[in-house]
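Structure first, commentary second.
Taken together, the values in this text are just the output of simple stated rules run on the coordinates, not laboratory data. Given the structure is predicted, the values throughout are model-derived calculations rather than measurements. Quick reminder, even Gly has a Cβ in these numbers, built from the backbone with ideal geometry, and neighbours come from all protein chains shown.
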Amino acid sequence: MSDDQGPRRVDSHHHFWDPAIRDYPWMSDALKRPRGPQELRPLLAANCIDATVLVQTVSDIRETREFLQIAGEVDFVAGVVGWVDLTDLQTAQVLRELRASEYGNRLVGIRHQVHDEDDPDWLLRDAVQVNLKALAAQGFVYDLLVRPRELPAAITTARDFSHLKFVIDHIAKPPIATGEIEEWSAMIHEFAGLEHVACKLSGMVTEANHESWTTEDLKPYVSTVYEIFGPDRLMFGSDWPVCTLAASYDEVVNALGEILADLGVVDEASEAAIFGNTAIHWYGLSV
């Protein structure tokens, strides 16, 4: 990145999918149409976003391989957070094979939809813990997709794996629609001193009331994580196209900018971190 380019802006969290080729068990009917790079590109341009991180949507390694191919062919996709089976003791070898594959250098992290597991302590299973060690050894980031129910296990895991970089997706999905904050806030504060844990300012509009949310609804939650993580451990993510259940891409970007301004986060360095530099550093992106 040359100085004359200025700060690079990164969307650290979005998805592509095609319901014609696979099932998405979590997906509502409102989202069931193909979404891909051609649709996202003009949205990025309109919001001066230079690069993105493409994130897994299903527990299917074929999707991970497809996403790596996309990252190799689409100029704005700088990294992929994929899926591997963290309960399989052969996963360390699978990770090596993925990294060695064409465009395997674009695989920057791994994620599992932990909040969809029946067991709130899924992260603490022996096989999962073994594979988290493999992620750390091979230099991957682990994205934590949890709700408050799974936060105790996530906190324990983060404390036990100080050599593994974590990113909390969607600020751990607090119940924004009801305005409840105390239980979530108490648990998310446990990450304050864990410098190897970052957090995505993403997925908030869909945890709020889809029809009537305002920036005032989101602000207490953004304020909390800003206090805990600071700009160098926070990163913007659109969660497009899931966000379209409640807001357009532009509205998500503008809402976060407005909230940060209201909170007094107006210096260029902090804005550059949240809207790009944190993701670049955390995921090791070349943009």
- Task: Write down the percent of antiparallel bridges among all DSSP beta bridges whose residues are both part of the chain, to the nearest 5.
- Result: 5
- Residues Val53, Val108, Val265 in order from fewest to most other beta-carbon atoms within 10 Å are Val265, Val108, Val53
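May I ask you to compute the full-extension gain from Thr178 to Gln38, defined as 0.36 nm times their residue separation minus their alpha-carbon distance, rounded to one decimal in nm? Show your work: numbers first, answer last.
Values: separation 140, 0.36 × 140 = 50.40 nm, distance 3.58 nm.
Additional length available on full extension: 46.8 nm.
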- Along the dipole axis of the chain (charges at Cβ: +1 for Lys and Arg, -1 for Asp and Glu; origin at the Cα centre), the most positive-end residue among Leu145, Gly264, Thr206 is Leu145
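I'd like to know how the range 6-283 sits against the 2.2 N^0.38 Å rule of thumb: what's its Cα Rg over that expected value? Don't skip to the answer; put the middle values down first.
Values: Rg = 17.4 Å, N = 278, 2.2 N^0.38 = 18.7 Å.
Against the compact-globule rule of thumb, the ratio is 0.93.
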- Query: With a 10 Å Cβ neighbour count serving as the proxy for reagent exposure, in which order, fewest first, do Arg106, Arg65 appear?
  - Reply: Arg65, Arg106
- Which one of Ile49, Ile110, Ile181 has the biggest mean-square fluctuation once the chain is modelled by GNM with Cα springs under 10 Å? Ile181
- Is the range 7-59 rounded, prolate or oblate when judged by the Cα gyration tensor, a ≥ b ≥ c being the square roots of its eigenvalues, rounded requiring a/c under 1.5 and prolate requiring a/b larger than b/c? prolate
- What residue among Pro175, Pro120, Pro25 has the largest mean-square fluctuation in a Gaussian network model of the chain, using Cα springs under 10 Å? Pro25
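For the range 6-119, rounded, prolate or oblate, judged on the Cα gyration tensor with a ≥ b ≥ c (square roots of eigenvalues), a/c < 1.5 rounded, else prolate if a/b > b/c? Numbers along the way, then the final one.
Working: a/c = 1.86, a/b = 1.23, b/c = 1.51.
The shape class here is oblate.
Determine, for Val141, Val167, the number of other Cβ atoms within 10 Å of each Cβ, and report the residues in order from fewest to most. Provide the component values of the computation, followed by the final result.
Numbers: Val141 22, Val167 27.
In order of increasing Cβ crowding within 10 Å: Val141, Val167.
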- Query: How big is the charge dipole of the range 12-78 about its Cα centre, in debye rounded to the nearest 20, if each Lys and Arg gets +1 on its Cβ and each Asp and Glu gets -1 on its Cβ?
  - Reply: 100
- Item | Chain lengthening between Glu216 and Glu102 when straightened (0.36 nm per residue, less Cα-Cα) | 36.5 nm
